[in-house]
Structures are given as C-alpha cells and as structure tokens.
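Chemist: If you scroll down you'll find the structure; I have some questions about it.
The values are calculated or read from the model by the stated rules, or taken from the named source; none is laboratory data. It should be emphasised that the depicted structure is a prediction, and the values quoted were computed from it without experimental measurement. As a convention, Cβ positions derive from the backbone with ideal geometry for all residues, glycine included, and neighbour counts pool all protein chains shown.
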Amino acid sequence: MSVLALPHETNALPGAPMSYWRTVGWRLARDRATLVAGTFLLLVMLAALLAPWLAPHDPNAGSIRLRLAPIGSASHVLGTDEQGRDMLSRLLWGGRMTLVAGLTPVVVAFLLGTVLGVIAGYAGGLTNTLVMRTMDVFYAFPAVLLAIAISGALGPGLPNTLISLSIVFVPRVVRVAESATVQVKGLEYLAAARASGAGVWQILRHHLLANVLGPVLVFASTQVSLSIILAAGLSFLGLGVTPPAAEWGLMLNTLRQSIYVNPVVPALPGLAIFVTSMALNLVSDGLRDAMEIRA
Amino acid sequence: MRAAPLLSARGLRKHFPLRGGVLQRTQAWVRAVDDVAFDVTPGQTLGIVGESGCGKSTLARLILRLVEPDAGSVWFDGEDVLRALPGRMKRLRRDMQLVFQDPYASLNPRLTIEDAVAFSLLVHGAGRAPARAQARALLDRVGLDPRLYGRRYPHELSGGQRQRVNIARALVLDPKLLVLDEPVSALDKSVQAQVLNLLLELKTERALTYVFISHDLNVIEYVSDRVLVMYLGQIVETGTADALAETPKHPYTQALFASAPSMDPDRRMERPPLAGDPPNPINPPSGCRFRTRCAFAMPRCAEAAPPPVAVAPDHEVACYLYEAAAAVTA
C-alpha cells in the first residue's frame, strides 16, 4: 500500500468528497512509476496501431543482400533480420499481433469469467459445484502446458491462439470472481438489501458487481503480461502466428539461429516482450494500490 | 387481555446442516433455533437476551424471512409471512426492517451513505431525486448533517456514525417493526448511550415496535418492555423487564443477572455464577439444555425438556422447579 492519502483526509476541514472512480484517478495521477509505465504502454499501443503509417518498410519484404544488418545501418535503423527484412517495421507490425494475442484472451476471460464466477458464487450449491469443479479440471494443468495442448490440437494460427489462451485464462478469472462474490455475499449489506425487498438483479447491479469487479479487474490486468508471454511462446514453438507474419515471439524464434552472427538484433523482440510485460505489471500494481479502499 | 400482536412466532425452528466428507453428506445439525414462540404487541420493545451462539441472530433473520425456517410460522400484522408470495413479500418488507450488528460489514463500501439510504426507496419504485431528498432528511434526523456526510463513503465514518446510517436505512421505508440485532454491541460505551437514546426517541416519534437483540443485560433492561431469555436455541424464560430483573426464576436467568456488572458494592460477586461455555449446539444435552451447568439439575431434567409454566401473569419459565408453584397459582 502506498503512502498516498485520500484528498480530503489531508484537509482538516471536510471538503467536497470525490466519487470512488475519481479518487482512484487522483491516486493514480500521483503514482509516478505507474504513470511512466502507463505512458510507455500507451506509446507501444499507439505505435502498434499506427504501424502501417509508421513502418518505414514492408515488414515482409526481404533482401538477400542485406541480411542481418547491424543496428544503425542506412535506411534500417534497427537493422534487418535473417531474411533482410527491416526490424523496425517488423517490430511495429509484430507489436500489433502480440498485443492482440495478449489482450483479447484476457478481455474474453474477464467477461466470461466474471459472469460464470458471479453466477457460481451467488447461486452456490450445485451450480457452484458444477462450475467450479469444471474450472478445476482446466486449472489442474500448468498454463503453458494447457495452452500448448489446446493450440496443438487446434493447429497454428492467430484465431486458434486466441481460443486456446482464452481457455487458459477463463478458469483463473472465474476463481477470483467466485471467491470475491462469496465473500461479498456473506456481508451484512447484502442481507440488508434483501431485507429491503430488492430483487436479484438490483442486488447484483448495485451491491455485488461494484464490489466484485474491482478485484477481478486488477487480477485480469496482471494476466495480460502473462498472456503476451504465452502468445509469444506459442508462436516461438510454431503453434501461434504462422511464419511470414511478424510477431515478437515468432521473430525471437527465427532470429535465434543468428544470435552468433549478430547478437544485438535477435535480442530486440525479446526486449520488446520483456519491457511491455514489465510495464503491464507495473500498471496493474499501481491500479491495485489505487483501487484499494479501506472498507 | 393484551392487544392483538403485531408480530407473532409459533414453533420456529432452524437447524443448519453440517456437511462433510467427499459427498458433502449431512453429518450433524446445528440446532440454532428450536421451537421458539413469542408475541410482540404494537408499540412494545421485546428484548431478546442470551449468550453468544444461542441463536439470537438466526432468530432475527427468521422473523424477517432472510433465512427460511425449517418449521413454524411467523405472523406479521395478521399475515402469514412465510407463505407470502414474492410480490406480497416485497410489500411486507417495507414494514419490517433490520439493523445489523456490524457497522463495518453492513454498509456497501462503494455507495455514498446518501445512496445507501436511498437504495431501499429506489427498490420500491421511488424516483432518484425524491429518494435522495428523503434519505438526506432522514440522515439529518439521525444526527448526520447531509451536507457534510451525504456524499461520503462508509470508510470515512466512525462506527457510531455508520450505525446511525444503518438506522436511517432501516427507517427510510417507514416500517412498523424494527428488528435490532445487537445494534450497539460494536460501539464504545459513550456512543452506545447516544445511539440507544436515538433509538428510543425514534420509537416514540414514529410509533415503532422493536425487537431488540443483545447479549448485554444492562442494555436490554434499559430499552425493553418485555424480555425473552434464550439458551441454546430455546426460550427459557419470558416476562416483563421489571419482573425478570426483580424476580428472575430460571436458574439461567438468575445466573445472568448475577453476572451482570453492578455499581452496588453490596452486590459484589464472590465467584462466577456461571462456569464454562455453553454446550455445543450441534449436540445439545438431552431434556433441559441448561442442566449441564445448572446447580439445581435433577435426574428428570435429562429426560424431557420442561414445558413453559406461568409463575405469574405474563411471566413464564421453562423449568421443573416451578411446576408446583404454577399449580398453586393456577
């Protein structure tokens, strides 16, 4: 927990109180590490989004004569890969793939997992047993192994990568959502809402979701970096994005053989993966600190 | 002849299953509330007193149908609460509200206290603006300036302030009956007195009927007209607050009053009147449940639970010691 105080706690006189999300924003704006990491992430996303306009070369057009050019070569700022393709262009285009492959499964898992987890937690009994024990079956496998197994069964390609990673992340989110729901369900303010005659939907909307979404969101944000690493890992193994396309994990794999020829250029996609997931971790840490509210 | 009761319970029973093992089979039952019956007349305060774990809170939830009982019936204002269909139940809930024990867990941390109070009104179809206005008026009444506190979150408030919010939330639907489940137990002594006095003021002001649950005899004596003493899910004695304080009959009630701290040096305690913890409600003793800690236990106490006998008008005791006395007065 950071040393940040709520804005009106710093004033002796009670000032205008802020809403919950404004308080979270206020705390985030004062957390320097999170701000830096967040800005960096935004830049990465922007660069990936604008790849068609930013990339100086066609990412897939190679040149036999210009293979493995070092960093700083004329017209190839970050050098070229083993087929003479421009590294900067490939990193920009590859960022698109990697970010899509990293974010989509977590978003899918967040939506699906929250719904399943809240239903399981709120309904309890047999529904809970059915949902949670099914999730346990998936949870029993290590994440990497499960992703490899499903991808291997479905075959390579981006859509299959997304499906297999979603299957990896749904059970994790369900667990967090279920335990948060069960915890909130036992609190007296939920009983008070029932005593006032509120229906299930009103209770879910006003009392349960508001208190469950926070922890689930924070958990999901920690999974994005893992998802990026897994997606890159699948490509590295040849189970993810298929060769001509640029993707950081795949680039790392194909450049692996050239590491003795030019050790710096092959490290670039690895560095991109590392820095991006690091930034994601920092942002989700900051988010967790900012959203922590003393109940 | 007393007035028609606002609330009456008959034969209320709730046993919670204890599950275990691979197949989650029921292995034992916690007898939280066993065969409890009582009446509350309009305008009265019924105090329910007993040690921790004797089923007081379960009883509160049974009355309000937050927990479905296994057996028995609850009548509120001439209506069978347990048979009410959902629509009717929603309407009934307006008239019977609950104030919880824990001022921390009983408020949603994501709602401003104004919205927390207004929520019940929204549930019953009020518009957002009028609901807020009503909530603010009520916050003002319970002693929280809505301009200072209305938009605050529960974590910014003290325990006493939160309990005032809880009271406002319970009252916003203008109920007839308020069930107070240990409303002051979590508060400091000085704050307790403030909240108790607020509750008493609100009671006369709004013609409320209270069911007041507490383990604190001093508090119960202060607020109650009639008192019901519970032990391990059963009622052992009922009577007016004065009768119980002056002539407690059941050995358990006597022990409770003897153990209540007193300012009177002549009432100094030499030894603890009650030793040990209450037995486990999972397997309560046969017959009279108090017999294991009772100084007057007889062999027949183990055979069957003593039925309640009237020792005076409006004073009943479930103890074999008073059978003869009851026969004489009858």
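Chemist: Which residues, counting only those in the stretch A:250-273, are of a type in the set (Gly, Ala, Ser) and either within 16 Å of the chain's Cα centre (by Cα) or in a loop (DSSP other than H, G, I, E, B) (or both)?
Modeler: Selection gives A:Ala272 alone.
Chemist: Quick one: B:Trp75 ticks every box in (1) within 12 Å of another protein chain (Cβ to nearest Cβ); (2) in contact with a Ser or Thr (Cβ under 8 Å, 6 or more places away or on another chain) bar one, so which box is it?
Modeler: Of the numbered conditions (1) within 12 Å of another protein chain (Cβ to nearest Cβ); (2) in contact with a Ser or Thr (Cβ under 8 Å, 6 or more places away or on another chain), the odd one out for B:Trp75 is (1).
Chemist: Turning to a different aspect of this structure: Quick one: which residue in B:Leu82, B:Leu122, B:Leu92, B:Leu139 is part of a helix (DSSP H, G or I), in contact with an Asp or Glu (Cβ under 8 Å, 6 or more places away or on another chain) and facing another protein chain (nearest Cβ under 10 Å)?
Modeler: Answer to the check: B:Leu92.
Chemist: Residues B:Val22, B:Val67, B:Val30: which one is modelled with pLDDT of 85 or more and either under 21 Å from B:Val223 (Cβ atoms) or of a type in the set (Val, Ile, Thr) (or both)?
Modeler: Result: B:Val67 is the single residue among B:Val22, B:Val67, B:Val30 that is modelled with pLDDT of 85 or more and either under 21 Å from B:Val223 (Cβ atoms) or of a type in the set (Val, Ile, Thr) (or both).
Chemist: Kindly provide the set of residues from the stretch B:171-197 that are in contact with a helix residue (DSSP H, G or I) (Cβ under 8 Å, 6 or more places away or on another chain) and within 13 Å of another protein chain (Cβ to nearest Cβ), ordered by number.
Modeler: B:Leu171, B:Val172, B:Leu173, B:Asp174, B:Leu178, B:Val179, B:Leu180, B:Asp181, B:Glu182, B:Pro183, B:Ala186
Chemist: Which of the following residues is closer than 26 Å to A:Gly95 by Cα and part of a helix (DSSP H, G or I): A:Leu204, A:Leu209, A:Leu190, A:Leu234?
Modeler: None of the others qualify; the one that does is A:Leu234.
Chemist: Kindly provide the set of residues from the stretch B:15-67 that are closer than 26 Å to B:Leu177 by Cα, part of a loop (DSSP other than H, G, I, E, B) and not polar (S, T, N, Q), ordered by number.
Modeler: Of everything in the stretch B:15-67, those that are closer than 26 Å to B:Leu177 by Cα, part of a loop (DSSP other than H, G, I, E, B) and not polar (S, T, N, Q) turn out to be B:Pro42, B:Gly43, B:Gly50, B:Glu51, B:Gly53, B:Cys54, B:Gly55, B:Leu64, B:Arg65, B:Leu66, B:Val67.
Chemist: Here's a follow-up. Name every residue in the stretch B:26-66 that is free of Cβ contacts under 8 Å to residues at least 24 places away in the same chain and away from every other protein chain (no Cβ under 14 Å), in order of residue number.
Modeler: B:Gln27
Chemist: I want to confirm something. Restricting to the stretch A:40-61 and keeping residues that are crowded, with 17+ Cβ neighbours inside 10 Å and under 16 Å from the mean Cα position of the chain (by Cα), which single residue is farthest from A:Gly94 (Cα to Cα)?
Modeler: Filtering first and then ranking leaves A:Phe40.
Chemist: Here's something else I'd like to know. Quick check on the stretch B:140-158. Is at least one of its residues basic (Lys, Arg) and closer than 25 Å to B:Gly47 by Cβ?
Modeler: Yes - at least one qualifying residue is present in the stretch B:140-158.
Chemist: Going through the stretch B:149-161 one residue at a time, which ones are away from chain A (no Cβ under 11 Å) and either modelled with pLDDT of 90 or more or outside any loop (DSSP other than H, G, I, E, B) (or both)?
Modeler: Correct list: B:Gly159, B:Gly160, B:Gln161.
Chemist: Identify the single condition in (1) part of a helix (DSSP H, G or I); (2) modelled with pLDDT under 90 that B:Leu200 does not satisfy, given that it satisfies every other one.
Modeler: (2)
Chemist: Please identify the pairs in which a residue from the stretch A:28-45 that is within 18 Å of A:Glu292 (Cβ to Cβ) has its Cβ atom under 9 Å from the Cβ atom of a residue that is of a type outside the set (Lys, Arg) and outside any helix (DSSP H, G or I), counting only partners at least 6 apart or on another chain.
Modeler: Close Cβ pairs satisfying both conditions: A:Arg30/A:Ser2; A:Arg30/A:Leu4; A:Asp31/A:Ser2; A:Asp31/A:Leu4.
Chemist: Mind listing just one residue for me: the one in the stretch A:173-217 that is at the interface with chain B (Cβ under 9 Å from one of its Cβ atoms), within 32 Å of the chain's Cα centre (by Cα) and among the polar types (S, T, N, Q) and, of those, nearest to A:Ala143 (Cα to Cα)?
Modeler: A:Asn211
Condition check ((1) of a type in the set (S, T, N, Q); (2) surrounded by 21 or more Cβ atoms within 10 Å (Cβ to Cβ)) across all residues:
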| position | (1), (2) |
| --- | --- |
| B:Ser8 | yes, no |
| B:Ala32 | no, yes |
| B:Ser52 | yes, no |
| B:Lys56 | no, yes |
| B:Phe76 | no, yes |
| B:Lys90 | no, no |
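Chemist: Considering the stretch A:144-161 alone, what residues qualify as being part of a helix (DSSP H, G or I) and either surrounded by fewer than 20 Cβ atoms within 10 Å (Cβ to Cβ) or free of Cβ contacts under 8 Å to residues at least 60 places away in the same chain (or both)?
Modeler: Within the stretch A:144-161, A:Val144, A:Leu145, A:Leu146, A:Ile148, A:Ala149, A:Ile150, A:Gly152, A:Ala153, A:Leu154, A:Leu158, A:Pro159, A:Asn160 meet the criteria.
Chemist: Being of a type in the set (Val, Ile, Thr) and either at pLDDT below 80 or touching a helix residue (DSSP H, G or I) at 6+ places or on another chain (Cβ under 7 Å) (or both) is the filter here; which residues of the stretch B:289-330 pass it?
Modeler: Answer for the stretch B:289-330, where residues must be of a type in the set (Val, Ile, Thr) and either at pLDDT below 80 or touching a helix residue (DSSP H, G or I) at 6+ places or on another chain (Cβ under 7 Å) (or both): B:Val309, B:Val311, B:Val328, B:Thr329.
Chemist: Anything in the stretch B:138-151 that is surrounded by fewer than 19 Cβ atoms within 10 Å (Cβ to Cβ), in contact (Cβ under 8 Å) with a residue 12 or more places away in the chain and either over 21 Å from B:Glu201 (Cβ atoms) or among the aliphatic types (A, V, I, L, M) (or both)? List them, or say none.
Modeler: Within the stretch B:138-151, just B:Arg151 meets the criteria.
Chemist: Could you list, in sequence order, the residues of the stretch A:218-246 that are touching a Ser or Thr at 6+ places or on another chain (Cβ under 8 Å), under 30 Å from A:Thr23 (Cβ atoms) and either of a type in the set (Ser, Thr, Tyr) or within 14 Å of another protein chain (Cβ to nearest Cβ) (or both)?
Modeler: Within the stretch A:218-246, A:Ser221, A:Thr222, A:Ser225 qualify.
Chemist: Can you confirm whether B:Asp145 is over 14 Å from B:Leu157 (Cα atoms) and acidic (Asp, Glu)?
Modeler: No: the conditions fail for B:Asp145.
Let's see how each residue does on (1) in contact with a Ser or Thr (Cβ under 8 Å, 6 or more places away or on another chain); (2) among the hydroxyl-bearing types (Ser, Thr, Tyr); (3) modelled with pLDDT under 85; (4) not in a helix (DSSP H, G or I):
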residue	(1), (2), (3), (4)
A:His57	yes, no, yes, yes
A:Ala61	no, no, yes, yes
A:Gly84	yes, no, yes, yes
A:Val108	yes, no, no, no
A:Thr114	no, yes, no, no
A:Val118	yes, no, no, no
A:Thr127	no, yes, no, no
A:Leu130	no, no, no, no
A:Val137	no, no, no, no
